[in-house]
Every structure is written in structure tokens, then in C-alpha cells.
Amino acid sequence: MGELKLMKGNEALAEAAIRYGADAYFGYPITPQSEVIEYLSEQNPYERTGMVVLQAESELAAINMVYAAGAAGKRVMTSSSSPGVCLKQEGLAYIAGAEVPCVFADVVRGGPGLGTIQPSQADYFQNTKGGGNGDYRNIVLAPSSVQEMCDFVALGFDLAFKYRMAACILSDGAIGQMMEKVILPEQKARMTEEEIKAKYPWALTGRARGTQHRVITSLDLDSAKMEEHNRALQRKYKEVEANETRYEMINCEDAEYVFVAYGSSARIAQKSVQLGREAGLKVGLLRPITLWPYPTKAIDDLIKKGVKGFLSVELSCGQMIEDVRLACNGRVKAEHFGRVGGIIHTPEEVLEAMKKQIIGE
Amino acid sequence: MASFKGAISVDTERCKGCGVCVVNCPMGVISLAKEVNGKGYNYAYMAEPDKCIGCASCGIVCPDGVISVYKVKL
Amino acid sequence: MTVQDIIKPENLVYQKSKLLTNKPFHYCPGCGHGTVHRIIAEVLEELGVDDRTIGVSPVGCAVMAYDYFDVDFVEAAHGRAPACATGIKRVWPDKIVFSYQGDGDLAAIGTCETIHTCNRGENITMIFVNNGIYGMTGGQMAPTTLEGMKTATTPYGRKATLPAGAGFDGIPNNGYPLHITELIAHLPGTKYVTRQAVYDPAHVRNAKKAIKKAFENQINGKSGVNFVEIVSNCNSNWKMEPVAANKWLVENMLPEYPLGDIKVDGKLVEK
């Protein structure tokens, strides 16, 4: 049993990185996630585990530090918020192309542009559909509690190293800032040089004499090789889709109408389910935990079981709804309900939207 | 006074015929061949082998590292 | 004594470093990149650190430098090589880390990373090849392009005059040649800052000594950037033959970018 603490989501994320045995965090302050680097700086993880913490000159520099340190076989993390994550897209495309593992957290705020510092889920597209250049994917984990802010660090690193790709923890200002109790895991040891060399033969640790030197690059000017590299990436992504799709279903066993919501929206929609059930409506909640890979099959299964409609509840103007509709493929009604600009929807208005937009009078 | 005699071997297929070795040879040993290599470059060669003292200036200045230098004490 | 009598393994006095792979350089004939690659490889071989060296290649002509060095390498995004080198050195302080960049990479798009890496005093070696032009993209103006120098984007010559009077008066102003090396030498985070060239054997020898010092400092030290600028050529985009380009370099580049040590052991060299 781990240690029970009351913490902010951002702090839990930072503490989880130390306890996972992460080797480094490179970041740049931006509201509403500056607590991550502040907490790490205050904790002095270099004394605790040898973990390096560096405030970079920009998000661009930070993600490129992550890229190269990840290429060198280390467990490296960064975090930012929406406009900062825009800047990180350059590095994330290189990370995808060069197949470098890393974890990054996006504590989303409202946009576009400088937008607002209030919570938002408007960067669903940015993180699930790419954002950088090229045909690539990042694993996207959506925590809906402080506990998951903690737990998804370990999950993210495990998946990132299993598949040699970036894992995104897509949070929002509400989850990042709120305090909840959290059970922290035991401290794990950082990997030694010998362990890294044995486990990750691709890692740049200095080539041993008599062996082939290693190159981590996203470039190949040979079209045939570049096509095969892209095909190999897609095969990897298919494998991730097959093995790593995660979601939670609440009250879906007999549901006729289902809310689809992630992160803080899922917490509100869960209350809407309760209110709906009290009013005699057969409503349930599908909470995607991985936004990529998306739980398309879960929606398909629900339709086959008789669900007649879905309401995608988002703190955005309608982004995840596209994936819900793709999964529905026109078979049942799928609509969007969202509040934006930093306003968080109430359980009552979410239920009302379900009644009006999906169930009908 | 000891004197030296040198010789160079040029990897002619990799030579790009830039001529930087030609102008940097203090003894005027090297010229570019009239013939070309597989890539179409007039490669460097020892036009005046008897004058070579093995100073290695050509090797040191060659951008493509195609010149090896040998030297014997007479 | 015939040439065949001399060309024997026991008489070998110079050959390309074993730390270079067998892949022929893709650089244009006479390009200084090849020479700089050669002497870096020689230094790494002489220092015996090939099994713990990690290089960072740029975007630009040297993007595929990783194909030529028989050491581990990561290819950075445009301008971010110093950030990449920082990332590696921070997590592997005992590895020997170097970045290799051109003028557009280091002094235009990557200026921020260059300055802050130097300011943090990362214990790394930075190699900066300055030929005053963008090579890979086809000869556009670089931050280090000389005043009056014609490039694809300054076809009438770089003009660095401040616009007369208030505001823009129609005269194109491309700014002044950027002396990034002098700039970073003034930062307390730099330990060794020098400018060298590789157009003739004497200067190649000096440049090699400088690069060796830049690596020795890293091996023996704990902090401080070791920065070596090499003033080089770009025959193709200068539209000159290699030998003529080297002559032009001496006559035009060197007056703007004079050679020599700028900072040694953390102290600015008095001129």
C-alpha cells in the first residue's frame, strides 16, 4: 500500500515521475501547469533519486531536450499547456519519426491563441490527430482524477518504452489544479547504465567498440526506405490500437442512451447519469481513457447491445464528437454538447442536452 | 641532413577533383588527371612523384579524406 | 626507390581517421564540411572517447553527418542541436557530447538555443561551420552573409544600412552580419571560444588543435561550453571553383570574421 496524500493534480503528476524513477524533466512554465516544475524544483529530486530537472528557455528547447535524452535511452518527461504544446509539436513529430519514447502532459487551457487560463478540452484534435507534420500518432491518456494524474505517469512511461513513441497525458486546468486524495506508489529505482544498455539496444549510450554505431533520426531521403518506415510506424500503431485501448463504462449494461466524456467532463457526466437514472432514464457513461487509440469498438458493442444514441460531452466546440460519429457510422444518433471559454458545464444542463438532442420529447 | 622521400595513394573513385591538394602541395607534385573517375571527376594523382617529400599537406587539406601519405627516410 | 617501394603500411604517415565510416561524403567538391568532419574524427580517435561519444547533427548540409562518424548520433530539428546536446549531457554527464551546426541552424533559427545553452554553461563541445550562406536550401542569405554579398534572397547584395529617417524608406535592409561567436564569448557560461579555418594545411592543423582543446576541456571539466567556429566555404552557392572560393574566403570572409582564440579558460583574449 502506497502513501496517502492530499495533492493537486499537477503535483501528483510530478511526484509520480520522481517515484517512477524518471531520469529527467525538461519544462517551461505556463499556467495552469506551472506547479509541475515548481513542485519538482522544490522537491529537489536530484537529491532523492538523481532525477534531473531543468527549466528550459522555451517549450521548443524543452521538447528537443526530451527528444535527445529519450534517444539516449532515458525516461524523460515534459509538461505544458495548450499554446506551449503548439511549440512542442516540432519535437513531437521528430520523436514520432525517430521512434523515441517520452511522456508529455498537456494541462489544457482555452484557446485559440493565448485564449484563457481556464480549463478546456479544446486540444483534443491537437493531441489525438497529430499536430506536428507527417503520418503519426501519440498515445493519449485522459485522466479524470488526481489519482489518474499520478497513475498515468507510470502507464505512460511503460507504453512509451514498449512502443518507442510519445505518450501524452491529456489533462485540463480543472484536473491539474484541483486537490484530491491520492495513493502514491512506492519509490522505484532509476535504471542503471547497464540496465539501459541491456534493455534498450537502440539507445545512444556511446557505441561499444567493435559494434555498429547507432543513429536516431527521422530523415531518410531514400523514398523506398521512407515508405517502408511509414508502413512500419502504421503497423506499430495498429498493434497499439489492438492492445492498448482503454475505457470505463458506467451504468451501460442496460443503457439506451450513453454520454461519452473524458477527463473533467466525465466527472460531470457521471453525475448526469445519476440524475438521469433518478428520473427513470436508462442512461450510461462511456469514459474513454485512451483518446488515441480511441475506444471505437466499445461504441460499436454498445450499439449492438441496443444503445440508441450518444451525446459527446466536451469542454470544446465539438472535437471528440467526430470520433464518436465515426464509430457510430450513421447507425444511431450522435450529437455534441460543450461549454467553452473556461466555463464548465453543470450536470443538469448536460442531462438536459441529452434529453433535447438525443432522446427527444 | 636527412632527406625524405614520399608518395601518396589517392582513392581515385572517391576523389572529387576539387584541386585543393594541388595548390597546397609545396613541391608541385599533384595534378588533376585528364581522365575522369566513375563519377566524372578529374581525380588527383602524382604527376611528379619524384618531388614528393611526404609532408602530408595534401592529406591534411583534402576535404574527402581520399589521400593516404607515405614517407621514408633516405 | 619506386613509388611502390614507398607505399607500404610501415611507411604510412597520414590517412583518414578510422572513426570515419566508408560512406563517401555527399558534400560538394572542396567543401570544408568534409575537412571539419575529418579533424573531429581524428581528435575523437586520438582522445579514445569513441565509445562514449554522442554527436548531434543539424538541419542543413551536415544533416547526415551521422552517416560519416562511427559514433552514436542523433539528428536534431533545425536549430535545436544545442537543446538536444543539453538533454543528453544532463542525463549522461560522463558521455562526450558535441553538436555540429551551420550558420543558419546555429545563428538564425537556433539563436535562442545557442545563447541559452552557452549561458547555462553546459559542459559540451559546439562546432559551428560558418560559410555565410544557406547551402542545403540553395544559397539563400544567412545571418552571417557579408554586406554586399549576393545570395538567392539578396540578389542585389546584402544591404545592412539602417533605413534613413523614420520607418521604412523602401531600401531593403537585411541586417548586419551576425557575430554570434563574439556574442556568446561574452557569456559567463562559455569556457573556450575560438574561430578557425580549414582552407590550407596550416589552418587545418590550428583548427584541429582548437577542436582537440574543445573536447579535452569537456573531458576534464565539469561545466562551460567549448565553442569552435570554422570559417568555411560554399563553392556551389558562392558560384566559384573550390580553389577560387578558398581565395575569396581569405580575402572577404576573414576580414569580417578574423581568426584566433576569443576566449580561453573562461577569460576573454585581449586583442
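Using the Cβ of residue A:165 as centre and a radius below 10 Å, the other residues enclosed give a net charge of +3, where K and R count +1 and D and E count -1.
Once backbone amide H atoms are built at 1.01 Å from N, residue A:309 has A:258 as its partners under 5 Å, excluding neighbours fewer than 5 places away on the same chain. Mean partner shielding of peptide C:51-57, defined as the number of other chain Cβ atoms within 10 Å of each residue Cβ, is 5. Taking a Cβ cut-off of under 14 Å around residue A:325, the surrounding Lys, Arg, Asp and Glu residues balance to a net charge of -3, with basic ones at +1 and acidic ones at -1. Counting Cβ atoms of other protein chains within 10 Å of each residue's Cβ and taking the mean over peptide A:207-216 gives 6.
Amide H contacts for residue A:116 (H built 1.01 Å from N in the peptide plane; partners 5 or more residues away or on another chain; cut-off under 5 Å): A:110, A:111. Under the criterion of Cα pairs below 8 Å and six or more residues apart, the relative contact order for chain C equals 18 percent.
In the range C:81-201, taking the dipole from charged Cβ atoms about the Cα centre, the farthest positive-side position among C:99, C:128, C:151 is held by C:99.
3J(HN,Hα) couplings calculated from phi for the range A:126-131 with the Karplus curve 6.51 cos²θ - 1.76 cosθ + 1.60 (θ = phi - 60°) are, in sequence order, 3, 8, 8, 10, x, x Hz; Gly and Pro show x.
Evaluating 6.51 cos²θ - 1.76 cosθ + 1.60 at θ = phi - 60° for every residue in the range C:204-217, the Karplus couplings come out as 4, 4, 5, 4, 5, 4, 5, 5, 4, 4, 5, 7, 4, 4 Hz, glycine and proline recorded as x. The mean number of partner chain beta-carbon atoms within 10 angstrom of a residue's beta-carbon across peptide B:12-22 is 5. Axis angle, to the nearest 10 degrees, between helix A:82-98 and the longest C-alpha principal axis of chain A: 60 degrees. Taking the longest Cα principal axis of chain A as reference, the axis of helix A:9-20 is set at about 40 degrees. Other residues lying with their Cβ under 10 Å from the Cβ of residue C:90 contribute a combined charge of +1, Lys and Arg counting +1, Asp and Glu -1.
Note on the range A:170-262: with charges restricted to the Cβ of Lys and Arg (+1) and Asp and Glu (-1), its dipole about the Cα centre is near 860 debye.
With θ taken as phi - 60° and the Karplus curve 6.51 cos²θ - 1.76 cosθ + 1.60 applied, the whole-hertz 3J(HN,Hα) list for the range A:244-251 is 10, 5, 10, 7, 10, 10, 10, 6 Hz, x standing for glycine and proline.
Comparing A:177, A:115, A:128 along the charge dipole axis of the range A:3-193, the residue lying farthest to the positive side is A:128, per the Cβ-charge model. Distances between placed amide hydrogens fall under 5 Å for residue A:105 paired with A:78, A:79, A:80, A:169, all partners being 5 or more residues away or on another chain. Take every DSSP beta bridge whose two residues both sit in the protein assembly as shown; close to 35 percent of them are antiparallel. Computed from point charges on the beta carbon alone (+1 for Lys and Arg, -1 for Asp and Glu), the dipole magnitude for the range B:4-73 about its Cα centre is near 140 Debye. A Cβ-based charge dipole, computed about the Cα centre of the protein assembly as shown with Lys and Arg at +1 and Asp and Glu at -1, lands at about 1020 debye.
Distance between the C-alpha centres of the range C:116-137 and the range C:29-76: 14 Å, rounded to the whole angstrom. Projecting the Cα atoms of A:237, A:226, A:286 onto the charge dipole of the range A:220-300, computed from C-beta unit charges around the Cα centre, puts A:286 farthest toward the positive end.
Nearest 5 is fine: what % of DSSP beta bridges in the range A:3-193 come out antiparallel, could you say? DSSP beta bridges in the range A:3-193 are roughly 25 percent antiparallel.
Computed on chain A, with alpha-carbon pairs under 8 angstrom and 6+ residues apart, the relative contact order is 18 percent.
Gyration tensor analysis over the Cα atoms of the protein assembly as shown returns equivalent ellipsoid semi-axes of 57, 25, 24 Å (largest first, whole Å).
Values quoted throughout were computed directly from the atomic coordinates according to the rules given, and no laboratory measurement underlies them. None of these values were measured; they are calculated from a predicted model. Cβ sites come from the backbone with ideal geometry, for glycine too, and all protein chains shown count toward neighbours.
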